[in-house]
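Step one of this worksheet: look at the structure below.
Quick note: the coordinates plus some simple rules give every number you see, no bench work behind them. Bear in mind that the values here come from a model prediction, so they are computed numbers and not experimental data. In this analysis, Cβ positions are derived from the backbone assuming ideal geometry, glycine residues included, and neighbour counts consider all displayed protein chains.
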Amino acid sequence: MATAEDQGAHTREMTVEQLLDFLGRMIEIRLFEDEIQLLFNQNLVRGSTHLCSGQEAVAVGACSALRKSDAMLCTYRGHGAVLAMGAPLDRTFGEILGKPQGLCAGKGGSMHLTDVSVGAYGSFAIVGAHLPIATGFGFAAKYTEADDVCLAFFGDGTVNIGAFHEAMNLAAVWKLPVIFLCENNLHGEYSPVARTTPVEELVVRAGSYAMPGVRIDGNDVREVFRVVGEAAERARGGGGPTLIEAMTYRHKGHSRTDPGTYRPQQEVEEWLARDPIPALERALEDRGVPAERVEEVRRVATAKVEEHRDRALNWPDPDPTARFDHVYA
Amino acid sequence: MTTVTYKEAIRLAIADSLEADDSVFMLGEDIGAAGGVFKTTEGLMERFGETRVLDTPISEQAIIGTAIGAAVRGLRPIAELMFADFAAVCFDQIANQLAKYRYMTGGQVTVPVTVRLANGAGAGFGSQHSQTVENWFINVPGLKIAVPGSPEDAYGLLRAAVEDDDPVLYFEHKAMLNLKGELRDTAGPFELGRAAVVREGSDATVVATQLVRVRAEEAAQALGQEGISVELIDPRTLVPLDLETIRASVERTGRLVVAQESPAAGSWGATVVARLMTESFDAFDAPPVLVSGDDTPVPYAGVMEGAWIPSVERIGSAVRQLG
């Protein structure tokens, strides 16, 4: 699904076709998660779900700036990132429904979506735990002299856990090709950032590691694509890691039934007005794209999500003895 | 055949692994320029270069995490934790990431990481640098656990750990580093999951690892002079555990002593006793005995630490009391 195979794609103005592609994928993610919430409400999804509704531009913009041989690691709020890498919708539904055809054969679920075949090397559910692992992906690229990069998504709450510090420090001191992408949605679980973090702009933490830090509008898919592309280019050229702070917002609560009522109504309304999907639709309109083409994108995405959902729902449950597989190689 | 110390056997196994496969590299604190705090890795950076023997910051989570990521991308890292006790600092990386990455992804990744941990008491390092911590991990499926008890095993198990496609925690006992033993010139990797019958006997089966195995050998010698014939078995790996070799021995001797350095609760020794009692009750002519370290942290003062670690005498009297 990566669209940045040709060097410097991020530096050029994006074509209408590219933007429509981005829009379609963002809508697919939004609709996918709406369906997941409905399936959860019907008790067809176990455990918990952490929706990224509202943050689709970060996922699609960033993952589109990667090449096929690059790697992406994300968090338990990772549906969007994994789909943005190109994981098939039906097998992603299937994983969350616990089906053997699911991405992880039903072993992972919502919080561990992984599709190595598209470079989505894992969704990690312990806050910050994947950042040292991302450093290892960067190390492998450097060791084998491959010019691959590793993109690691994480939330604002992660900047206060130890693994963040250890990973950022090592990646910087060894100049590893890692892009640390913080999705600052203003809340670490239920707590506003200001209650847990003494700095308002999290990107200042980059200074501690002498690495470049960039704060961007995470709801503008074009800006995300451009800045992640710049970071990837720097990393491939031996310039080491970058910290990107993408400002965005979770439309839903932290997890499953959380209504998110701890957030001020005005804040919610302001951010709903900055929804990245209508924002991209307006940008397309400004480029002179007829409304019918946008409608067509939405129609295709809707039909696709429903078709893939139904297919996954019809898959049988796994054989219970399959639990013994995959413990050891 | 060459006589080597336990430490030299470890160093040789690392060197031979680095020599055999370019995808093998080492990382850890002060392992390169300083040669390791126990000098186990002395000379390796000079021989293999700074790109393959890497000094890291004091960042255990980063050490293990970096090893995991590199392994998933096709390398074979050997990560060192200077003291096994420091596994507590990166417990998440080992127990939640390293052990489960393959399982949670439905087998999409393999994670061939070897973690070397300096284990055990006896050197006066106090409570936070003296533990035998393999039992922290026997309850975490997905890991393999090697506990070499001789220079020969130290070499063979480490070679095997590096070649294995699964994560292996390799515990090297600090109080055995200068222990001497024979190493065959043709030595290679051992199969993980095969116990060694260290000494054959007919009256009682003793199962022990690492420093306590060394003491059990001494105890068996003394018991032999008293006319008690001891069969001494070293499992060598706790996961996978070769229970069948132990069971076959107990079926012949009818008597079992399991001797281990760590406290008894939730330990590998307790597991061996429990499984054989539940599965092979009829084999026993006497109740089995578990000899363990005490249920206290490891004390500092020499006389207290000396009393804490199971001694030759304690192992010997455990066998005698079986009658």
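Quick notes on this structure:
- Neighbour counts of C-beta atoms inside 10 Å place A:M168, B:M277, A:M111 in the sequence B:M277, A:M111, A:M168, starting with the fewest.
- By the count of other C-beta atoms within 10 Å, a proxy for reagent exposure, B:T205, A:T135 are ordered fewest to most as B:T205, A:T135.
- For chain B, the longest principal axis of the alpha carbon atoms and the long axis of helix B:60-72 meet at an angle near 80°.
- Farthest toward positive dipole pole in the protein assembly as shown [+1 Lys/Arg, -1 Asp/Glu at C-beta], among B:F83, A:L19, B:L27: B:F83
- Cα-based shape type of chain A, given that a ≥ b ≥ c are square roots of the gyration tensor eigenvalues and the cut on a/c is 1.5: rounded
- Dipole of the protein assembly as shown, positive end: most advanced residue of A:G47, A:L73, A:Y328 [Cβ charges, Cα centre]: A:G47
- A convex hull fitted around the alpha carbon atoms of chain B yields 128 Å³ per residue.
- Semi-axis lengths, largest first, of the ellipsoid equivalent to the stretch A:234-329 are 34, 25, 22 Å, with √(5λ) applied to each eigenvalue of the Cα gyration tensor.
- Dipole magnitude of the stretch B:44-193 about its Cα centre (Cβ charges: Lys, Arg +1; Asp, Glu -1), debye to nearest 20: 200 debye
- Residue exposure proxy: B:T51, B:T110, B:T66, ordered by other Cβ atoms within 10 angstrom of their Cβ from fewest to most, comes out as B:T51, B:T110, B:T66.
- Positive-pole candidate from A:L280, B:L256, B:M176, dipole of the protein assembly as shown, charges at beta carbon: B:L256
- Longest segment of chain A lacking GluC sites (Glu not before Pro) that sit in a DSSP loop with at most 16 other Cβ atoms within 10 Å: A:14-144
- Ellipsoid semi-axes for the protein assembly as shown, based on the Cα gyration tensor and the rule √(5λ), read 53, 26, 21 Å when sorted largest first.
- Once backbone amide H atoms are built at 1.01 Å from N, B:G28 has B:L54, B:T56, B:E80 as its partners under 5 Å, excluding neighbours fewer than 5 places away on the same chain.
- For chain A, built as a Gaussian network whose Cα springs stay under 10 Å, the top-fluctuating residue of A:N41, A:N169, A:N184: A:N41
- Gyration tensor verdict on the stretch B:196-320 (Cα atoms; rounded if a/c is under 1.5, prolate if a/b is larger than b/c, oblate otherwise): oblate
- Low-density loop cleavage sites - GluC sites (Glu not before Pro) in the stretch B:42-127, where at most 12 other Cβ are within 10 Å (DSSP): B:E50
- Each other residue within a Cβ distance under 15 Å of B:K100 adds +1 if Lys or Arg and -1 if Asp or Glu, for a net charge of +1.
- Choice from B:P297, B:P151, B:P57 with maximal GNM fluctuation in chain B (Cα, 10 Å cutoff): B:P57
- If you run the Gaussian network model on chain B, springs between alpha carbon atoms under 10 Å, then out of B:A154, B:A118, B:A274 the most flexible one is B:A274.
- Rounded to the nearest 20 debye, the dipole size of the stretch B:230-272 about its Cα centre is 100 debye, using +1 on the Cβ of Lys and Arg and -1 on the Cβ of Asp and Glu.
- By the Stokes-Einstein formula, at 1.306 mPa s and 10 °C, the stretch B:24-81 with its Kirkwood radius over alpha-carbon pairs has D equal to 142 µm²/s.
- Over all pairs of different C-alpha atoms, the stretch A:196-247 has a mean inverse distance whose reciprocal, the Kirkwood radius, equals 11.6 Å.
- Low-density loop cleavage sites - GluC sites (Glu not before Pro) in the stretch B:164-214, where at most 13 other Cβ are within 10 Å (DSSP): B:E191, B:E200
- Over 31 Å between alpha carbons, listed pairs A:K175/A:K304; A:K304/B:K100; A:K252/A:K304; A:K99/A:K142; A:K252/B:K100: A:K175/A:K304; A:K304/B:K100; A:K99/A:K142
- Only Lys, Arg, Asp and Glu carry charge here, each on its Cβ (+1 for the first two, -1 for the last two); on that basis chain B has a dipole of about 220 debye about its Cα centre.
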